[in-house]
Amino acid sequence: MAAARSGVRGLSTDDLKAMRDTLAAGRKPRVMFTETAGQIAGQIGQVVELTDPELSEEWVVVRFGKDELPFSPTDLTIPPKGAKAAPAKKAAPASEPAAPQPELKITRSPVPAPREEAKVTTVDAPAAADKAVEKPAARKVAKAAKPKPPPGLTVTLAYTEGEWTVAATQGAKALAKPYVIRPSEALKMVALVDVPGVQEAVEQILAVERSEAEQQAEKLRAELAEIEARLAELRDVG
């Protein structure tokens, strides 16, 4: 709502699509923080990644200084051409000498949450009178990045040209290249997957292989018997 009152809108669907294309091309688009981003409003950052909006409302990862933090599209906007980071606001000078005050540090909470308020930690500083008030640009608003889920694992059992093979991949990485296994091992693997029709298909393939093997064995036995008979005749002649 703060962005709407100031007249600065968040990122639109077209803006996000253009950013995704820019990231795919290997470039990092610039964005400006809106007032909903907190005390870093008006500063400039670089988008380094777009995560899954279904997992969190803060799915636009922005590099600001040395940090890479997730933000909601409403926290960001496209900066005007030639825009530079807004100057940090300095604290107004006190009319009278102020007593030493504890230094304030704003840190991000490590606990994942859709929106966490900034936590303030006071640090005793007796000599703080000689130090300047910390600039808003150096303060960091608490935003915890939601951990990315691991890539999917795929195990493939295949039958090709009379051989059963198994392969495994995780995402785009090959964990195990296809290697040959025995038909009995393939049947055991399929038995673990209770999917109608799959085990029947495997059993049908094994039945065809068994029949072909039996026919080949019968043919070889007949040939062997013929050779042995021929050998016996030759021995009798000798």
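Please tell me which of these pairs span more than 22 angstrom C-alpha to C-alpha: Lys148/Lys173; Lys28/Lys148; Lys28/Lys173; Lys84/Lys148; Lys81/Lys146?
Flagged as over cut-off: Lys28/Lys173; Lys84/Lys148; Lys81/Lys146.
For Ile181, Ile78, give me the order by solvent-accessible area with a 1.4 Å probe, most accessible first, ignoring ligands, DNA and RNA.
Accessible-area ranking of Ile181, Ile78, largest first: Ile78, Ile181.
Just the number please: accessible area per residue for segment 189-238, 1.4 Å probe, all protein chains included, in Å².
Spelled out: the 1.4 Å probe surface of segment 189-238, per residue, equals 87 Å².
The values are calculated or read from the model by the stated rules, or taken from the named source; none is laboratory data. It should be emphasised that the depicted structure is a prediction, and the values quoted were computed from it without experimental measurement. In case anyone asks, the SASA skips ligands and DNA or RNA and just uses the protein heavy atoms, side chains included. Shrake-Rupley method; radii C 1.70, N 1.55, O 1.52, S 1.80 Å.
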